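None of the figures in this text is laboratory data; all of them are computed from the coordinates on show. This structure is a prediction, so every number in the text was calculated from the model and none was measured. Note that we place each Cβ from the backbone using ideal geometry, even for glycine, and neighbour counts take in every protein chain shown.
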Amino acid sequence: MDVWPFWWDSNGNNRKIHWAKKETLFKSKNEGGMGFKILRDFNIDMLAKQVWRFHTNPGSLIARCYKAKYYPNTDIFQASIGNNPSYAWRSIQNSVWVIQKGSCWRIGNGNKIRIWEDN
């Protein structure tokens, strides 16, 4: 049984430890849990949100800086890690798959389709 300590009650200088299952702590509050987030998943979500911002708002200062340094001739989805990348860029690159997995694209007029690379 996987239980974690969780401090819930104190009485003056006495603190009580209450043990709770991990599943209970990580359930949403609506489901009767404590609403704790799994930090690794939350971090990947926030980094993927940054990827989406780079894609949808390429004129922002941060997007222009990253584009100039790491992917000047392509877009963020075809960018590579590159040589000597920063920790932030490596982290952002590790979350690109989230956007690629959950998105689709429209054909439009077909000018940007790469018939040998795109699915």
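If each residue's Cβ is checked for other Cβ atoms within 10 Å, how do Asp75, Asp118 rank with the fewest at the top?
Asp118, Asp75
Straight distance only, please: which lysines reach the Cα of Lys22 with their own Cα at less than 28 Å, same-chain residues fewer than 8 apart left out?
Within reach: Lys37, Lys49.
Tell me the angle of helix 61-70 to the major Cα principal axis of the chain, expressed in degrees between 0 and 90 and rounded to the nearest ten.
With rounding to tens, the tilt is 70 degrees.
Which of these values of log10 I(q)/I(0) by the Debye sum over Cα atoms at q = 0.13, 0.14, 0.20 Å⁻¹ was calculated from the structure shown: (1) -0.60, -0.68, -1.17; (2) -0.43, -0.50, -1.10; (3) -0.71, -0.76, -1.12?
Among (1) -0.60, -0.68, -1.17; (2) -0.43, -0.50, -1.10; (3) -0.71, -0.76, -1.12, the one calculated here is (3).
Which whole-number percentage describes the relative contact order of segment 39-102, with Cα contacts under 8 Å and a sequence gap of 6 or more?
42
How high is the relative contact order of the chain, given as a whole-number percent (alpha carbon pairs under 8 Å, six or more residues apart)?
Reported relative contact order: 15 percent.
Would you pull out the residues with amide H under 5 Å of Ala20's amide H, same chain only if 5 or more places away, H placed 1.01 Å from N?
Sorted by chain and number, the residues that satisfy this are Trp4, Phe6.
Please give the helix 39-56 orientation as an angle from the longest Cα principal axis of the chain, in degrees from 0 to 90, rounded to the nearest 10.
Between helix and principal axis, roughly 30 degrees.
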